[in-house]
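K.L.:
If you scroll down you'll find the structure; I have some questions about it.
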Amino acid sequence: MSASMSALKARKYRTISEISGPLLIVKSVNDAAYNELVKVETGSGEIRTGVVLESAEGYSVVQVFEGTSGLDVDTTGVTFLGETLKVPVSRDMLGRIFDGKGQPIDGGPAILPEEELDVYGAPINPSAREYPREFIQTGISVIDGMNTLSRGQKLPIFTEAGLPHNLLAAQIARQATIPGKEEEFAIVFAAIGITAEEAMFFKNEFTRTGAIERLVTFLNLAENPAIERVVTPHVALTTAEFLAYENDMHVLVIMTDMLNYGEALREISAARAEVPGRRGYPGYLYTSLAQIYERCGRIHSNKGSITFIPVVTMPGGDITHPVVDLSGYITEGQLILTRELHRKGIYPPLNPLPSLSRLMKEATRYTRKDHMQLSDMMYYCYSEAQDLRSLVAVVGEEALTERDRAYLSFGEAFERRFINQGIYENRDLDTTLEIAWNLLIEYIPESEWKRLDPDVIKGYCPKYRGKKP
Amino acid sequence: MVMNMPVVGKIARIAGPVVVAKGMRGSQMFELVNVGDLNLIGEIIRLQEDLATIQVYEETSGLRPGENVVGTGRLLSVELGPGILTQIYDGIQRPLEVIKSSSGAFIARGLTAPALPREKKWNFKPKVKVGGKVVGGDILGEVSETALITHKVMVPPGVEGEVDYIAAEGEYNIEEVIARIRDPTGALHEVQMMQRWPVRKPRPYKTKLDPVQPLLTGQRIIDTFFPIVKGGTAAIPGGFGTGKTVTQHQLAQWADAKVIVYIGCGERGNEMTEMLERFPELRDPKSGRPLMERTIMIANTSNMPVAAREASVYTGVTIAEYFRDMGYDVALMADSTSRWAEALREISGRLEEMPGEEGYPPYLGARLAEFYERAGRVVTLGSEERIGSVSIIGAVSPPGGDFSEPVVQSTLRIVKVFWALDTALAYRRHFPAINWLTSYSLYLETLEDWFKKNVAPDWSELRREAMALLQKESELLEIVRLVGPDALPEADRATLEVTRMIREDYLMQHAYHPVDSYCSTEKMYLMLKTILYFNQKVKEAIAKGIPLVEILRLPVREDIARMKLVPYEKIREAAEEIKRKLDEQLESLLKGREVAVPAR
């Protein structure tokens, strides 16, 4: 990638002066390149990898992905490799499993790379982007009806420990289609610090649906080195970019859990004694997250696309946690799972009120004319119902007016019939919108249908079509 | 700027976007330098003996100690001249369209491209004659840059004297000499259509004036309750998903400024794409020309280098000042100043400066103030009396939606208008989600006269009445939360219904609806007057003993709700029709009542 670096050969040093957290300080080095790849060899011959975080005349700071446990200052050797971190990519990666740095771990043969790409990529020129507008049908009502996913969108799932976010992510991956189109697709799945059991769940899901041949898996499990997690998302996205922009595939990237990425970043920052921003996270957390999320999208004159669904845990349900909050600022909306709905036995426990898809108004221009308005109407009714629920808790249901009671029962039915659905239930958009119309007809008087234009009501409401399933 | 031999130093240390070079004696603060074998662009931000600390505007991967750092002798500057409108630039004014044609969809490193097209010929019309006296800021000639904007070619600040040569009307490119000016010492100054200006130095003007005119935005909640003036400053803070960007886009679209500068500072790439796709299609209501013709965009998205993000706001505001100097009203939107502050924090951290609150540098407040102070309505340089203005509207993205954080608080100490975006309103899809109880505008008094003269004499009374009702609503809702709505007297419940109408039928505005997206002041006045007339009539009817439920069933309420969708030309008619219907329908309710009463 860099003209200056190609001239450099590997240089080996045995001059470690300090080991602190995941960092090594190597003395007497004068020509380490910033971000240069480093091979670390312990006295016993074990090989680890690292990169240069800071380079100066006389010393260089190296971050070791596998951690520094077992390293010493006397016998450990450090070799600067003369290149930055690269990912070998190839179409043969489909169907294979790699570790968090992109090395195969499924016992299969090494990948014969078609190309070696820089792991951090380069920023997409904003004037080369194409606005995502193609509606992806996930078959899940509360997403398709009220928080649509578009091709090229980044839409995270904000969740809490113990909620079925994995089930939901797998269901989206299984069911996502563009109605009426058969195109070449691929799934890139990156596990960041999750358990082996969770990773196994995803593998089984993808195997069962036959998507396994279209799947590239990167595993950095809870037991794997934590520092490696800072590159796993980039390795996965570099692969996704290769498949999308050089092989015209539509790539769906699922990454779980971004919180672990943030924590790895914090660990390195603390070891470098940097001035922290919020809650001990480094001030550049936003930029680092953006450099991951913004790699998704669509590009002019290119058939492929990267659609991105990261899973982010909100510790203790705290949506203001820095990793969650900053993710929300970068991504194009968020799907929020709540414990309240989960306790009621609703699946997916996705609360549409705080959820949002920023690209929905554009996506729905190409679906059905009633789609957006119906969504607004559902929002309005369900938020009325929520407000009334808190009121009822104080004053009792008797104090409510007739109108209020209608909204209250709407709220219940909405959760049971619209949000709730089976893990293997795949509803097409027409079915989803039909459920929405029927809920309105049954519970809300027509004089309250303020968000619906009269011609939309006349044109799409089943009541006026003369058939009511 | 005197050009000596360029300084050539060597890289001594690299940490992220910050590079330290030695052997840099002779270079100056904020000088542009070329860093490393790739010729990355950087700017000197600290000098110490022969060491220079440089913030690099491109990704620094692969740089090594010992590589060259070459001074340019120039400060970080922008190019100003015809060809600047409709452009999209990165944070240091590299034209992204040109970059795209040379490096493809991804931005490669070490690229340079002139900000303004060099070859293009512009039709220059001279406005002065040989022998005439001119001073800095005087207009030498004009170029019709787009159908919307006449670009005025000005004498650069600091130059004055007698016109020795002025080009005849004809086609010139921006580097050709179009005038020569002999200063009092006899020296000749060549003037081209293009000039350069260092971004960190405010462009000079004669005097600052008090603002008197509103910057109308066509957004009901803003123009009615929290207006901004031409030359004023405003902040829009809000958590994610509250609609900062949509509001900024709306302002960029509808603000009645002559020129718009939009800075996408550390935000999403797709948001810039949206503007790039939409603005060429959107038409200026007056001329029917694409809005793009009055717009300049600076896009330094979140994944682009962080140091260039720091520079982007200065690049933007310098361009804005340049058009102000032509005598135009310019509106500048910065989305988001928080990302700019974070860039400051990141660079400061790399410099190992002593941090202030939440890791931000202690000079955060001062930098924000300097930036917003570049707004204002001014008498420009030049011998004729010309008035121009720059209005600055900054979005703020507080972490966790917490308004007590340093960037929001430092901004509030400076700006005069505060549009507080509210997460609870956004959850209910009440957009624009500007909270009417916590927002404020300090320009209300200033603008009272203007609205009285230009909209309606009773504008202020209506506004006050509506705001009082909304205040009352929040008190009543407290009571409802404690004891339920049944405990309220009929009149108070009527108030709640009216305020619901103010909220839903007036304050809520649909940004993507062809009619509702923009609302003229006249339409605002008629809508508000109609709702308040309804309020008055309802109160009267209730006093006469008509139950609220019956009033609420009146079909005319539907007409009021749909008033926002009535096109501007028909609004007067519609308002009269509604008033007539309301009177009629209430009349018949009353009649029915009178018949019923004797029967009891």
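The values are calculated or read from the model by the stated rules, or taken from the named source; none is laboratory data. The structure displayed is predicted, hence computed values, not measured ones. Ideal geometry is used to build each Cβ from the backbone, glycine not excepted, and the neighbour counts take in all protein chains shown.
K.L.:
Can you give me the ranges of the strands (runs of 3 or more DSSP E) entirely in the range A:43-104 with at least 2 residues that are charged (D, E, K, R) and within 31 Å of the chain's Cα centre (by Cα)?
P.N.:
Per the criteria, A:47-56.
K.L.:
Between B:145, B:169, which is crowded, with 18+ Cβ neighbours inside 10 Å, under 19 Å from residue B:123 (Cβ atoms) and acidic (Asp, Glu)?
P.N.:
Of B:145, B:169, the one residue that is crowded, with 18+ Cβ neighbours inside 10 Å, under 19 Å from residue B:123 (Cβ atoms) and acidic (Asp, Glu) is B:145.
K.L.:
May I ask you to list the residues in the range A:12-47 that are among the charged types (D, E, K, R) and surrounded by fewer than 20 Cβ atoms within 10 Å (Cβ to Cβ)?
P.N.:
A:12, A:14, A:18, A:27, A:31, A:39, A:41, A:46
K.L.:
Among the numbered criteria (1) in contact with a Ser or Thr (Cβ under 9 Å, 6 or more places away or on another chain); (2) part of a helix (DSSP H, G or I); (3) among the aliphatic types (A, V, I, L, M), which single criterion is violated by residue B:511?
P.N.:
(2)
K.L.:
Residues to consider are A:355, A:409; find the one that is modelled with pLDDT of 90 or more and under 27 Å from residue A:135 (Cα atoms).
P.N.:
Result of the check over A:355, A:409: A:355.
K.L.:
Among the residues in the range B:391-399, are any over 22 Å from the mean Cα position of the chain (by Cα) and not aliphatic (A, V, I, L, M)?
P.N.:
no
K.L.:
Working only within the range B:58-87, note down all residues that are within 14 Å of chain A (Cβ to nearest Cβ) and either outside any loop (DSSP other than H, G, I, E, B) or touching an Asp or Glu at 6+ places or on another chain (Cβ under 7 Å) (or both).
P.N.:
B:64, B:65, B:66, B:67, B:68, B:69, B:86
K.L.:
A further question on this structure: Please go through the range B:346-365 and give me each residue that is farther than 12 Å from residue A:277 by Cβ and among the hydroxyl-bearing types (Ser, Thr, Tyr), ordered by number.
P.N.:
B:363
K.L.:
I'd like the full set of residues that are in a loop (DSSP other than H, G, I, E, B) and within 29 Å of the chain's Cα centre (by Cα), limited to the range B:436-483.
P.N.:
B:436, B:437, B:438, B:439, B:442, B:443, B:455, B:456 - these are the residues of the range B:436-483 that are in a loop (DSSP other than H, G, I, E, B) and within 29 Å of the chain's Cα centre (by Cα).
K.L.:
Looking at (1) more than 12 Å from residue B:395 (Cβ to Cβ); (2) buried (at least 24 other Cβ atoms within 10 Å of the Cβ); (3) within 14 Å of another protein chain (Cβ to nearest Cβ), which is the one condition that is false for residue B:241?
P.N.:
Looking at each condition in turn, residue B:241 falls short on (2).
K.L.:
Among what's in the range A:373-392 and is out of contact with any Phe, Trp or Tyr (no Cβ under 9 Å at 6 or more places or on another chain) and closer than 20 Å to residue A:155 by Cβ, pick the residue that is nearest to the other protein chains (Cβ to nearest Cβ).
P.N.:
Top of the filtered list is A:376.
K.L.:
Hey, any hits in the range A:334-356 for a residue that's facing chain B (nearest Cβ under 9 Å), free of Cβ contacts under 8 Å to residues at least 40 places away in the same chain and of a type in the set (A, V, I, L, M, F, W, C)?
P.N.:
Looking for residues that are facing chain B (nearest Cβ under 9 Å), free of Cβ contacts under 8 Å to residues at least 40 places away in the same chain and of a type in the set (A, V, I, L, M, F, W, C), one finds at least one in the range A:334-356, hence yes.
K.L.:
Only one of these conditions is not met by residue B:356: (1) surrounded by fewer than 21 Cβ atoms within 10 Å (Cβ to Cβ); (2) within 21 Å of the chain's Cα centre (by Cα). Which number is it?
P.N.:
(2)
One line per residue, one yes/no per condition, for (1) assigned to a helix (DSSP H, G or I); (2) at pLDDT below 90; (3) under 41 Å from the mean Cα position of the chain (by Cα); (4) more than 30 Å from residue B:245 (Cα to Cα):
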site	(1), (2), (3), (4)
B:504	yes, no, yes, no
B:516	no, no, yes, no
B:519	no, no, yes, no
B:527	yes, no, yes, no
B:535	yes, no, yes, yes
B:539	yes, no, no, yes
B:564	yes, no, yes, no
B:574	yes, no, yes, yes
B:595	yes, yes, no, yes
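K.L.:
For the range A:293-327, which residues satisfy the criterion of being within 12 Å of chain B (Cβ to nearest Cβ) and among the basic types (Lys, Arg)?
P.N.:
Result: A:295, A:298.
K.L.:
Got a number for residues in the range B:257-270 being touching a residue at least 60 places away in the same chain (Cβ under 8 Å) and either outside the structural domain of residue B:390 (by TED's automatic domain parsing) or not in a strand (DSSP E or B) (or both)?
P.N.:
4
Residue-wise test of (1) at pLDDT below 90; (2) more than 23 Å from residue B:211 (Cβ to Cβ).
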site: B:286; (1), (2): yes, no
site: B:297; (1), (2): no, yes
site: B:323; (1), (2): no, no
site: B:332; (1), (2): no, no
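K.L.:
Can I ask one more? Any idea which of B:157, B:184, B:202 is part of a loop (DSSP other than H, G, I, E, B), outside the structural domain of residue B:229 (by TED's automatic domain parsing) and more than 27 Å from residue B:371 (Cβ to Cβ)?
P.N.:
One residue alone meets the criteria, B:184.
K.L.:
Taking the condition of being under 13 Å from the mean Cα position of the chain (by Cα) and not hydroxyl-bearing (Ser, Thr, Tyr), how many residues in the range B:322-351 meet it?
P.N.:
So the answer is 7.
K.L.:
Residue check: is residue B:26 outside any loop (DSSP other than H, G, I, E, B) and at pLDDT below 95?
P.N.:
Judged against the criteria, residue B:26 is not a match.
K.L.:
Right, another one. Scan the range A:39-62 for residues that are within 14 Å of chain B (Cβ to nearest Cβ) and within 17 Å of residue A:86 (Cβ to Cβ) and jot them down.
P.N.:
Passing the criteria: A:51, A:52.
K.L.:
Right, here's the next one. Please identify the pairs in which a residue from the range B:456-476 that is without any contact (Cβ under 8 Å) to a residue 60 or more places away in the chain has its Cβ atom under 8 Å from the Cβ atom of a residue that is assigned to a helix (DSSP H, G or I) and among the hydrophobic types (A, V, I, L, M, F, W, C), counting only partners at least 6 apart or on another chain.
P.N.:
Every condition considered, the pairs that remain are B:460/B:451; B:470/B:502; B:473/B:496; B:476/B:496.
K.L.:
Between residues in the range B:384-413 that are outside the structural domain of residue B:134 (by TED's automatic domain parsing) and modelled with pLDDT of 95 or more and residues that are basic (Lys, Arg) and surrounded by fewer than 22 Cβ atoms within 10 Å (Cβ to Cβ), which pairs lie under 8 Å by C-beta distance while being six or more apart or on different chains?
P.N.:
As it stands, the answer is B:390/B:374; B:392/B:374, since those pairs meet every condition given.
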